[in-house]
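What follows is a set of notes on a single structure, which appears directly below.
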Amino acid sequence: MRIAGRSYTRRDLRLGSGLVLYTYIAVHLGVHALALWSIDLAEAALAALVAWWHSTPGSALFYGAGATHVSLALASVWQRRTLRMPPSDFVRILLGVGIPLLLIGHAIGTRYAYEAHGLAPVYTRIVHALWASDSEGRQLALLVPGWLHGCLGVWYAFRHHAWAERAKLALFAFALLVPLLAGLAFVDMGREFTRLAQDPAWVAAHAASAPAAVRQDIVRLRDGLVLVWVGVVAAVFAGRALRDAVDRRTGRAIAIDYPDRRVHVPRGWSVLEASRGHGIAHASVCGGRARCSTCRVRVVAGLDGCAPPDEDEARTLARIGASADVRLACRLRPAGPVHVVPLVAPPATADVAERAIERRAAILVASMSGRPAGGRHALAHDTLYAMNETAEAIGEAVLESAGEIVEFTGEGVLAVFGAERGIDDAAARACDTATRISLRLDELAVRLSDTCGIEPSVAIGVHAGPIVQGEIGFHGARSRAVVGRTVGEARRLADAARSAARRFAVSAAVADAGCGARLVEPRSTAVVAGVDGPVHLVDAIAAHSRA
């Protein structure tokens, strides 16, 4: 879709409209919470909020976002040819279906009541009416699906960004405290207005009930629209079932050949849905959103009968440099028979808890080598002993900084430092490890030179950024693995340190994460191909001050 000369994908529209609705709910809850400090303050903030959302641009933004988001949600349900899906997808769909229930009740009780009957959207009237009619529980319950759906949507959309990882605890606190404070404020206002309502003069001045005919009109319209929405959702699911039944009866089935199996599915199914619907193991880390490319297949036959990739799919395929015959199974909906070969092997067993997790982390790569000391000739067994001692020293340093050793070979060590407490903490622990390694190597070099005639040499690269971490294996034997651009860049940093005859190569990402001041002079900078920013080359990293 093109808007104002710019192309937007369905994913962009879903995210943009969702953010508008989430902002609407969050701001309203925040205004509700102000009543804990002062009801007059909350009323003033609500009046300003109503002035914006009732204006022409505010109304267009809100109702346009609502219509877009709901339409895309229904279209997504309609396009799914099977309801077999990851539990997280099911929860998001279920919560999304509940959002219009909140929006309908809120719009009719405030906007319609004001426009049609002149009932001002103020807390004294709305909260008192809800409390007096024992509807406060229903109103609070309606906040749950919209808020949870919005929080999950925001997290899934932005969790891979550095700022989201750093702000994870703050975001969780925000998601927990905003509705909690709003709910407490709502209860507090209800009790206060119930006390004030003992005075008939206050009720007449601030919270006089609307005439019975007006209340009946509002309730009738609200309940009618809720039934319409429930009917629309039911019609979508019923239409799906009817469509599938017609396809089966009319024989409009598509044959999809896998390497060892043929399945028949109704026209319109994606290859990933066909795999899920027939119990065929098929890798899909992102759950079918055209983000991860792990569901990709090579179309051996029938590609001419397939529609070209949409913008989301084309963007992902271009990112991995896929050839023309490679498609994403989550977006490939063949119109005729096809023969596909999945290119990413699924987990060997269904009980593997962690297939792949996208996260931010600090990476330390230590490239090991040894050279004869003082012109002596080192025996092979002595060399192996020296390498083992060096690797053990590195491994102990990693474990002392709460790192995880992912690769451990005769050529080096790759360690990961998770960013659960922020990327700054992960980078600091990686640098702490580098410092410990340096001290251990200085001590070890003297001993190995005397006993084995070998001088151990280690070049270390320290980097930080996004990675994908999971498990790989064969015939039941499994091991941890990390992949991604960050890992490759960290390996190049270690190579750069060795080429420059320096002990450490530290990326700009680590230096900017608070470790720049720890790089001991003399130091130099270099440009390493494929690594963003300057690379700092040093022979020592200062210990971290805990003061």
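The values are calculated or read from the model by the stated rules, or taken from the named source; none is laboratory data. It should be emphasised that the depicted structure is a prediction, and the values quoted were computed from it without experimental measurement. Virtual Cβ from ideal backbone geometry, glycine too; neighbours counted across all protein chains shown. Protein only, heavy atoms only, side chains kept; ligands, DNA and RNA dropped before computing areas. Shrake-Rupley method; radii C 1.70, N 1.55, O 1.52, S 1.80 Å.
May I ask you to say which residue of 427, 393 is under 23 Å from residue 514 (Cα atoms), open to solvent by less than 60 Å² (accessible area, probe 1.4 Å) and at pLDDT 80 or above? Spell out the reasoning first.
Values: 393 fails: under 23 Å from residue 514 (Cα atoms).
From the options 427, 393, the qualifying one is 427.
Any idea which residue in the range 300-329 is surrounded by the most Cβ atoms within 10 Å (Cβ to Cβ), counting only those that are in contact with a helix residue (DSSP H, G or I) (Cβ under 9 Å, 6 or more places away or on another chain) and among the aliphatic types (A, V, I, L, M)?
Filtering first and then ranking leaves 328.
Looking at this structure, is residue 78 among the aromatic types (Phe, Trp, Tyr), within 30 Å of residue 189 (Cβ to Cβ) and open to solvent by 30 Å² or more (accessible area, probe 1.4 Å)? Break it down stepwise before answering.
Details: among the aromatic types (Phe, Trp, Tyr): yes; within 30 Å of residue 189 (Cβ to Cβ): no; open to solvent by 30 Å² or more (accessible area, probe 1.4 Å): yes.
Against the criterion (among the aromatic types (Phe, Trp, Tyr), within 30 Å of residue 189 (Cβ to Cβ) and open to solvent by 30 Å² or more (accessible area, probe 1.4 Å)), residue 78 does not qualify.
Being farther than 27 Å from residue 45 by Cα, in a helix (DSSP H, G or I) and either open to solvent by 50 Å² or more (accessible area, probe 1.4 Å) or modelled with pLDDT of 90 or more (or both) is the filter here; which residues of the range 159-182 pass it?
Within the range 159-182, 163, 166, 168, 169 qualify.
Show the residue pairs meeting these rules: Cβ distance below 6 Å; 6+ apart or different chains; first residue within the range 255-283 and at pLDDT below 80; second residue among the acidic types (Asp, Glu) and not in a loop (DSSP other than H, G, I, E, B).
Pairs that qualify, where the first residue is at pLDDT below 80 and the partner is among the acidic types (Asp, Glu) and not in a loop (DSSP other than H, G, I, E, B), are 266/244; 266/247.
Looking for something open to solvent by 20 Å² or more (accessible area, probe 1.4 Å) and either basic (Lys, Arg) or touching a Leu at 6+ places or on another chain (Cβ under 9 Å) (or both) - is there at least one such residue anywhere in the range 529-540? Outline the logic, then answer.
Within the range 529-540, the subset open to solvent by 20 Å² or more (accessible area, probe 1.4 Å) is 529-530, 532-534, 536, 539-540.
Remaining after also requiring either basic (Lys, Arg) or touching a Leu at 6+ places or on another chain (Cβ under 9 Å) (or both): 536, 540.
Yes - at least one qualifying residue is present in the range 529-540.
Among the residues of the range 287-299, which ones are surrounded by 17 or more Cβ atoms within 10 Å (Cβ to Cβ) and over 29 Å from residue 90 (Cβ atoms)?
Listed by number, the list holds a single entry, 299.
Go through the range 522-543 and give me each residue that's under 16 Å from residue 498 (Cβ atoms) and outside any loop (DSSP other than H, G, I, E, B).
Of all residues in the range 522-543, those under 16 Å from residue 498 (Cβ atoms) come to 524, 526, 528-529, 531, 535-539.
Those that are under 16 Å from residue 498 (Cβ atoms) and outside any loop (DSSP other than H, G, I, E, B): 524, 526, 535, 536, 537, 538.
For the range 390-421, which positions are hydroxyl-bearing (Ser, Thr, Tyr) and farther than 13 Å from residue 432 by Cα?
Step one: filter the range 390-421 for residues hydroxyl-bearing (Ser, Thr, Tyr), giving 390, 401, 409.
Within the range 390-421, 390, 409 meet the criteria.
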